Every structure is written in C-alpha cells, then in structure tokens.
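Below is one structure; the comments refer to it alone.
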C-alpha cells in the first residue's frame, strides 16, 4: 500500500465520520432553571487583604497603620525647620544618606496626597507646599555639602599627585647618579616605591591577572617609570649608549629584564618590526598577555 493511498483513506474516513450525527442525548443540559448559582461577591474593602510589608505603604504617612489616605492640614509637620548647611557639614556620609532618603520619602507622601487632593477637587495646598519646600531646601543643602566634600577630595588628590611627581623626579635623579656601592640599596627602595605608588608587587604572579584592577593605568605608568629609570642609569654608566624606550612594548622588556639583556631584545624587536606604539585601549591587554607569557615560560 502506497503512502498516497493511505492518506486518501484517512481523508475519506474523516469525511464519513463528520457526516454521522451523534445520537447521544446525555451531553445536553436539562432543567437549567433548577441549577442554583452562588450569589456574586460584592467588592468591599473587607474582602481585600494587603500585606503590611507591601512597598506601596511607604507612600502613606503612617505606613500600613494609616487610617486615611489624606492627612488634614493640622496633621502636617509645619512647625519643624529645614536642616542648615552648618549642621549637615557635621554629619557623616551615612547620616546624610539617611536624611536625604527620609526627606525624599516624605516628599513622595506629600506628592501623592497633593495628587489625590486635586482629584477630590481641593484647591488649597499651602500647607503641603510649605512642608515640601523645607524638605527640598534640605536636599539642596545636602547636595551642596557633598559637592564641597568632593571638591576638597579632588584638591587633596591634586596636591598629593604634585607631591608624588616631585618625589618620583627626586628619586630618579638620586637613582641615576648613585654610587656603585649604593645601587643595591636603591634597588630595594625601588621595589618598595613601585609597590607603594604604582601597586606593582615585588614578584609577578598569575593571581595578579585574576584580581579586579590588578593591572590598570597606574600599573602601566609604573612599568614605564621603572623601565626608563633603569635605562637612564645604564646610559649614565655607558655614555656611548643612545637608545631610548619609545613605547610600552619596549618599556616592559626593560622593566622585566636586566638592562643589557633588554637592549639586545629591544634591538631584535625593532629589526623584526615588532616594536610599535600601542593605543591606550591596547596597553592593559598587552600587559596582561605579556605577564602571562612570562610566567608561563618561567614554569
């Protein structure tokens, strides 16, 4: 039997069955007037249950214990005053955060009540506006205090950066011109300096690659600083050397290896056209891969 014949047989059977009228009568409902229906449930507040922890209760003055959706004017706190800037300056960041959100919460309650009052046809919102104005002034002063603190931090950071740059310049001059019997001591100081200022640990490890922020822009600056410091020291002792480190690829070689060995490797990189300037977006990925390859070769 072919597939075509089988399909035609199924279609013929389906058509014949469709023409046969059902003789069963027990599928019909009888005596519908005898069926009793339950009375409809009339919507009432008593029929509704709202969790006392529902977030929308925060838009009511007393939360889940509120008995009215709209407070009367005498229930509003019109006698209190806004926080002064002098008072806010003495508060911690946690306290300012808390005061800000308490003010924001109360303003949300007032905004809901004002909108409800408008819907009910009320036209006198002077008391609500008075309280809202005090809260708004408090929030503005909190923002002003935070701005003052941010400016103070930025000025301190700028001042600190200036001091750091002065120290790095001074250390470079001393490192380059130090005597032969002092170089070991200066190398120890350099190890401590690169960790304290640039976050470069005395020994590189794979854990460094896994840490968030372990290799960042400051780390890259430290690599360049240490590399060029070592090169300047070598050039001071060998006046005939005129080589300079031109990019991060070369900086990493001088940072990682002995200067004399690094000079040979940099020359090979230049001859093979493998030394080039890296875009800012390429520096961090390059350092991560270079450190990983270095550690893998050591193992």
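Values in this text are rule-based calculations from the coordinates and carry no lab data. What you see is a predicted model; the values in this text were computed from it and never measured. Heads up, the Cβs are rebuilt from the backbone with ideal geometry, glycines too, and the neighbour counts pull from every protein chain shown.
Normalise the Cα radius of gyration of the chain by 2.2 N^0.38 Å (N = residues in it) and let me know the number.
Ratio of Cα Rg to 2.2 N^0.38 Å: 2.06.
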Practice problem: For region 201-247, report the translational diffusion coefficient in µm²/s to the nearest whole number, using Stokes-Einstein at 4 °C, 1.567 mPa s, and a Kirkwood Rh over Cα pairs. | Solution: 103
Practice problem: Please give the helix 280-298 orientation as an angle from the longest Cα principal axis of the chain, in degrees from 0 to 90, rounded to the nearest 10. | Solution: 70
Quiz item: Tilt of helix 93-119 relative to the longest C-alpha principal axis of the chain, in degrees (0 to 90, nearest 10)?
Solution: 30
Exercise. Report, in deg cm²/dmol and to the nearest 500, the calculated mean residue ellipticity at 222 nm for the chain, where each DSSP H run with n ≥ 4 adds -39500 (n - 2.57) and the sum is divided by the residue count.
Key: -21000 deg cm²/dmol
Exercise. Between residue 211 and residue 125, with labels modelled 7 Å along Cα→Cβ, what's the label distance in nm to one decimal, could you check?
Key: 5.5
Quiz item: Hey, rough spin-label estimate for residue 45 and residue 188, points 7 angstrom out along Cα→Cβ, what's it come to in nanometres?
Solution: 8.1
Quiz item: When all C-alpha to C-alpha distances in region 219-267 are sorted into bins of 10 Å, what percent of pairs does each bin hold, rounded to whole numbers?
Solution: 30, 60, 10, 0
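Between residue 101 and residue 32, what length in nm is gained on full extension when 0.36 nm per residue of separation is reduced by their alpha carbon distance?
Working: separation 69, 0.36 × 69 = 24.84 nm, distance 6.14 nm.
Full extension from residue 101 to residue 32 adds 18.7 nm.
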Quiz item: Which angle between 0 and 90 degrees, to the nearest 10, do you get for helix 259-271 versus the longest principal axis of the chain when only C-alpha atoms count?
Solution: 70
Quiz item: Points 7 angstrom from Cα along the Cβ direction at residue 136 and residue 80: gap in nanometres?
Solution: 1.8
Exercise. Could you work out the mean projected area of the convex hull around the alpha carbons of region 203-298, in square nanometres to one decimal?
Key: 6.4
Exercise. Among 106, 211, 282, rank each residue by its count of other Cβ atoms within 10 Å, from fewest to most, as a rough exposure measure.
Key: 211, 282, 106
Practice problem: Take the alpha carbon atoms of region 55-152, find their radius of gyration, then divide it by 2.2 N^0.38 Å using N residues; give the quotient. | Solution: 1.21
